[in-house]
Amino acid sequence: MQATKTDIYEEVIIAGFGGQGIILAGKLLAQAAMLSGMETTYMPSYGAEMRGGTANSMIVIAQNPVASPMVTKPTSLIVMNKASANKFAPRVKANGLMVYNSSLIDEPGQIDASVDALAVPADDIAVELGNLKIANMVMLGAYLAKRDLLAVDQAAKALPYVLAERYHKTLPINIEALHRGAELAKNPR
């Protein structure tokens, strides 16, 4: 059943380690939602060690104003590494969605039986496309296609707003990664 515009309330956690583009992916999701006319909050969190440390983004997308940016029990989880899967997978709400990077995570871990778990070999796809750093875009594209709240093209339009201008030359490969992730979500391997 498709959600109506008045009952959209999606709480997302994107998690992994520093250097995987977790903060950028969260910022992009929030920006795409905002540009689409939805209410949104975005709250990044990362360990003091930065690259290699833990990182996560909490994003709330709603049709009506959002009271708090905190997400403790997400309706959706996008997870890039095993440690983050172990930490956040048990928190996903019943009937929620977990998109996990099967290049680094063998199985979704401890999740409610009603949670839809989608394995995405994001690192492998990113390497195929020529840049491991775009694995985050593969994951985000898969999430967008599976959840169907925002279109991949809406995220693509938001990319120039969140990528520093010096990285605008990477827009085409990032957009391709979004589309590849979406394609995989629609036609799992």
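Bear in mind that the values in this text are calculations on the coordinates, not laboratory data. Everything quoted here is computed from the prediction, not taken from an experiment. With ideal geometry, Cβ positions are generated from the backbone for all residues, glycine too; neighbour counts draw on all protein chains shown.
Just the number: Rg to Rh for region 5-184, Cα atoms, Kirkwood Rh, two decimals.
Details: Rg = 14.7 Å, Rh = 15.8 Å.
Reported Rg/Rh, Kirkwood definition of Rh: 0.93.
Which distance in nm do the two modelled labels at Lys169 and Asp106 give, with both placed 7 Å along the Cα-to-Cβ direction?
For Lys169 paired with Asp106, the spin-label model returns 4.1 nm.
Would you mind putting 75-83, 119-127 in packing order, based on average other-beta-carbon counts within 10 Å, highest first? Don't jump to the answer; show the numbers that get you there.
On the way: 75-83: 24.1, 119-127: 21.8.
Most protected by this proxy first, the peptides run 75-83, 119-127.
A 27 angstrom limit on the alpha carbon distance is what I want to check against. Which of Lys87/Lys169; Lys73/Lys157; Lys27/Lys133; Lys27/Lys169 exceed it? Walk me through the numbers on the way to the answer.
Numbers: Lys87/Lys169 35 Å; Lys73/Lys157 29 Å; Lys27/Lys133 16 Å; Lys27/Lys169 19 Å.
In this structure, Lys87/Lys169; Lys73/Lys157 exceed 27 Å between Cα atoms.
For Ser45 and Asp148 in one chain, what is 0.36 nm times their gap in residues minus the Cα-Cα distance, to one decimal in nm? Intermediate results must be reported in sequence, preceding the final value.
On the way: separation 103, 0.36 × 103 = 37.08 nm, distance 2.57 nm.
Going from the current span to full extension adds 34.5 nm.
More than 18 angstrom separation, counting every C-alpha pair in region 77-162; what % is that?
Details: 1636 of 3655 pairs.
More than 18 Å apart: 45 percent of the Cα pairs in region 77-162.
Could you put Tyr9, Tyr42, Tyr143 in order, starting from the residue whose Cβ has the fewest other Cβ atoms within 10 Å?
Taking fewest neighbouring Cβ atoms as first place, the list is Tyr9, Tyr42, Tyr143.
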